[in-house]
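S.K.: Shown below is the structure under consideration.
The values are calculated or read from the model by the stated rules, or taken from the named source; none is laboratory data. Just so you know, these numbers come straight off a predicted model, no measurement behind them. Every residue, glycine as well, gets a Cβ built from its backbone with ideal geometry; the counts of neighbours run over all protein chains shown. These accessible areas exclude ligands, DNA and RNA; they are computed on the full protein's heavy atoms, side chains included. Shrake-Rupley method; radii C 1.70, N 1.55, O 1.52, S 1.80 Å.
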Amino acid sequence: MAREKDADRGVRGKPAHNSGTEATGPTRAVVIVPVLTRHQRNDDETNRPRLTRSADARHDEAVGLARAINLDLIHTAVVTVNDPRPATLLGSGKVAEFAEIVKEGHAEVVIVDHPLTPVQQRNLEKEMNAKVLDRTGLILEIFGERARTKEGTLQVELAHLNYQKGRLVRSWTHLERQRGGAGFLGGPGETQIESDRRQLQEKIIKLKHELETVRRTRDLHRAKRKKVPFPVVAIVGYTNAGKSTLFNRLTGADVLAEDMLFATLDPTLRRVRLPHGTPIILSDTVGFISDLPTHLVAAFRATLEEVVEADLVIHLRDISDPDTAAQAEDVERILADLGVDAGDAKRVVEVWNKVDLLDDGNRERLLADGTDANNAPPIAISAVTGEGIDALKALIETRMSGELEELTVTIEPPQFGLVDWLYRNGDVVSRVDNEDGSATIALKATHSARHEIESRLHRKKRQ
C-alpha cells in the first residue's frame, strides 16, 4: 500500500545534471520511496540488525535529495514492497499507476529511492516513458552539480563513469550496430557496446591518472603542514548536520551553509587559533549519507584522507533529528571503512548540534541520560546561536595541547617584549608590578604553551 504526499509545486530550477535536456523551466519529477518489508540488513562486523529509518524520514530525505538539484516535484509516494520484482522492483499495478501519474503530470524524471539493477532501470524507463534515477544516480547528479574544484570534478566524473559502465545497455539506443572488420576476411568487427565500453574504460584510466597527480599535490601540501606542526581537526557528520555552520562559527569563514543536503562538497581548510593560543587546522568535509554509493566512497577517498590523517575527528550529530541514532551509525560505518575507529575516545569526539531546536523537556532528558559512542557525557552545542561553542573550543584545545596548568613567571625589564605574547597565549589571572621594574604574572596555560613560555624566558635571559 502506498502512502502518497502532495509535493510543493512551483519550485523553480533547472534540468538535472547530464539530463540531456535544454529546457529553461524546471524539470518535473516524481519521487518513489520503496520500503521493503522483508529487507533486514545486518551490520557487517557485529552481524546485528542495523537501525532502520522510519518511512517518513526516508521520504523527507529523498525529497531533500531531489530538491538539492532543483527538481519540480509534482508527486511523491512511499510504497510498501512485500515481494520485490526482479524486473521492475515494484509490482505491475504500481508501475502502471505511476506511469499514469508521469503521463498526466508531464514528468521527465522518476526518482526511485532504492538501488536499481540496470535491467530494472531500463524496464521502468520503458514502462513510464521517462528517465529513471535510483538513489545512487541521484546522489551522483547532486555531486555533479556541487563540485567546484578540479579535484571534486574529477572525482565525480570518475564515479559517474564507473556507475555507467555497467549500464550501457540502458544508456545507449544504438548498441546493436557493429563496426565492419578490416580486410576481405574481416570478422563482424567490434560491436558498438564493446566500443563504448572500451572508450569508457580509457576515460576511467585517464581520470585515475589525473586524480593521482592531484593526490600527490595534496600530499605535498599535507607534508608542508606537518613541517609546521599544526594539529588537524576534521569535522564529519551526516549531511545537513550543520558542519559548515560550525566551521564558520569556529573560523569566522564564509563557507556555504544552507538547509540543504550536500550544500558543501569540496573540502575546506582554515587555520584557527584557539582561546589559549593553540593553532590548529580545521577541515570541513563532504557530508555522509546512508547507502553512500561505493563508487563515490572510492572516488572521494583522496579527499577523505583529510579525515584519515586528522589528529582529532569531530563527529557532529543533528540531535534534533528523530533518526539521529541511525545517522550516527551510518557515519560510524563510513569512518570504519576509512580506518577511523569511532570508539577511539582519544581521537573521536561526538558533538550534539542543534540543541536550540529541542524543547526544554527533550533537551533536559537527552542531556541527562545521553552518552556518546564512548559512553561519555555529550558535548551539546548550537552552531547557529553559539551555545556550547566555548566548551567545544576548550575541549579541542585540551585534546591538542593538554589540560590548563597554573604557573607564575617573573618578567624582567629586558623581557617585557614577552608580556603581550603571554596575554595572547595564556589566561592571565593576576599581574603585580614590582619596585625593581619587573612584573610577576600568574596565568593559566596549556601544557605545550607552558613549555613555550619557559623556553622563551630562558632564551631572553641568555640574550
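S.K.: Normalising by the residue count of segment 351-463, find the relative contact order in percent from Cα pairs under 8 Å and 6+ residues apart.
M.R.: 22
S.K.: Sticking with this one: Over segment 305-463, average the accessible area per residue using a 1.4 Å probe and give it in Å², no decimals.
M.R.: 51
S.K.: Could you tell me the calculated FRET efficiency between S195 and A87, based on Cβ-Cβ distance and R0 = 35 angstrom, to the nearest 0.05? Present the calculation step by step, with values, prior to reporting the outcome.
M.R.: Details: r = 28 Å, r/R0 = 0.80.
Rounded to the nearest 0.05, the efficiency is 0.80.
S.K.: Applying the Karplus parametrisation 6.51 cos²θ - 1.76 cosθ + 1.60 with θ = phi - 60° to the phi angles of segment 98-106, what ³J(HN,Hα) value in whole Hz is obtained for each residue in order, glycine and proline being reported as x?
M.R.: These are the phi-based 3J(HN,Hα) values: 6, 4, 5, 4, 4, 5, 5, x, 6 Hz.
S.K.: With θ taken as phi - 60° and the coefficients 6.51, -1.76 and 1.60, list the Karplus ³J(HN,Hα) couplings across segment 195-200 in order, rounded to whole Hz; mark glycine and proline as x.
M.R.: Karplus values, whole Hz, x for Gly and Pro: 5, 5, 5, 5, 5, 4.
S.K.: Moving on. How about segment 314-404: which trypsin sites (Lys or Arg not before Pro) there are in a DSSP loop, with at most 10 other Cβ atoms within 10 Å of their Cβ?
M.R.: Those satisfying the criteria are K346.
S.K.: I've got another one for you. Given labels modelled 7 Å from the Cα in the Cβ direction, how far is it in nm from D341 to L395?
M.R.: 2.0
S.K.: Same structure, new question: Cβ neighbours within 10 Å, averaged per peptide: list 231-242, 334-345 in order, most packed at the top.
M.R.: My ranking of the peptides, most packed first, is 231-242, 334-345.
S.K.: Quick check for you: with a 1.4 Å probe and neighbouring chains kept, what is the accessible area per residue of segment 120-165, in Å²?
M.R.: 35
S.K.: Carbon-plus-sulfur fraction of the accessible area of segment 342-431, 1.4 Å probe, in percent?
M.R.: Accessible surface attributable to carbon and sulfur in segment 342-431 totals 49 percent.
S.K.: Let me ask something additional. So how far apart, in nm, are the two label points at L407 and E210 if each is 7 Å from Cα heading toward Cβ?
M.R.: Rounded to a tenth, the inter-label distance reads 5.2 nm.
S.K.: Once the other residues with Cβ under 9 Å from the Cβ of A62 are scored (Lys, Arg +1; Asp, Glu -1), what is the net sum?
M.R.: Net charge around A62: -1.
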